[in-house]
């Protein structure tokens with residue numbers, strides 16, 4: 001399902017289409033709705049650019065939560081095997 005932002009809305013927000021895509025990608029990444037690769041693909045920018053955009057918005061590059069620790073533990077278990 002395509003999402004359309006009108007030119008009027010972009011003008012009111014003082015955003016270009018590219019800036020709007022980046023803003024949405026950053027917010028969805030921060031909310032845990034997109035992974036870093038998904039967000040960079042959606043915004044059509046390189047990972048380094050995306051990381052810089054997150055830092056500009058004072059958003060973390062990595063969310064350290066229970067899921068993060070579970071993945072770390074699984075990685076350690078694989079290394080130990």
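Numerical summary
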{"read-out": "Members of the range 55-81 found to be at pLDDT 90 or above and not in a helix (DSSP H, G or I), listed by number", "value": "57, 58, 59, 60, 61"}
{"read-out": "Residue list for the range 1-40, restricted to those being out of contact with any helix residue (DSSP H, G or I) (no Cβ under 9 Å at 6 or more places or on another chain) and modelled with pLDDT of 95 or more", "value": "27"}
{"read-out": "Positions within the range 16-35 being closer than 16 Å to residue 56 by Cα and either within 8 Å of the chain's Cα centre (by Cα) or surrounded by 15 or more Cβ atoms within 10 Å (Cβ to Cβ) (or both), in sequence order", "value": "20, 21, 22, 23, 24, 25, 26, 27, 28, 29, 30"}
{"read-out": "Any pair with Cβ under 9 angstrom, 6 or more apart, that starts in the range 40-52 at a residue that is at positive phi and free of Cβ contacts under 8 Å to residues at least 60 places away in the same chain and ends at one that is exposed (fewer than 13 other Cβ atoms within 10 Å of the Cβ) and outside any loop (DSSP other than H, G, I, E, B)", "value": "44/18"}
{"read-out": "The range 56-76, subset more than 11 Å from the chain's Cα centre (by Cα) and under 19 Å from residue 19 (Cα atoms), residue surrounded by the fewest Cβ atoms within 10 Å (Cβ to Cβ)", "value": "58"}
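The values are calculated or read from the model by the stated rules, or taken from the named source; none is laboratory data. Predicted model only: the values in this text are computed from it and were never measured. Don't worry about glycine lacking a Cβ; one is built from the backbone with ideal geometry, like all the others, and counts go over all protein chains shown.
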